[in-house]
Amino acid sequence: MNTPTDRIFRLTYITEHIHLTRMLITDITISPDSSLILYQVPFGLTKSPSKAWKEVLMETWQSIIQHNESVSNNVIWVFHNRIMIDKVSIELVKNELETLLAVAIEKTNKQMKMRSQLVI
């Protein structure tokens, strides 16, 4: 039997804090669908993200790359505990790509945290 109470409970989701572990250098391949030499660059994640997290990352990545011509044609996939960035040119320095991805992941984590704090 339910007893009435004057308390209000706030339901929240546990937030996912996902971070890059490393660039998977041994798994870098050449993109097959290009006349130029472009690469597929995989990155490891600390854990497999949820579908909602993946969707937010995709939106965040698009907002970041639209202001950066060196990565504006890149395609990003998230699967299991990996991220694959396709169509990466040799001119794109490893650290720049990794930094852009780390920023996108941090923004995604912040957005997911804000979403989880909303009252249901």
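Table for the structure above
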item: Spherically averaged projected area in nm², based on the convex hull that wraps the Cα atoms of segment 46-120; result: 5.3
item: Distance in nm between pseudo-label sites at residue 37 and residue 62 (7 Å out along the Cβ direction from Cα); result: 3.3
item: DSSP-loop GluC sites (Glu not before Pro) across segment 37-120, with at most 16 other Cβ within 10 angstrom; result: 91
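FYI, it's all coordinate maths here, none of it is from the lab. Bear in mind that the values here come from a model prediction, so they are computed numbers and not experimental data. Glycine also receives a Cβ, built like all others from the backbone with ideal geometry; neighbour counts cover every protein chain displayed.
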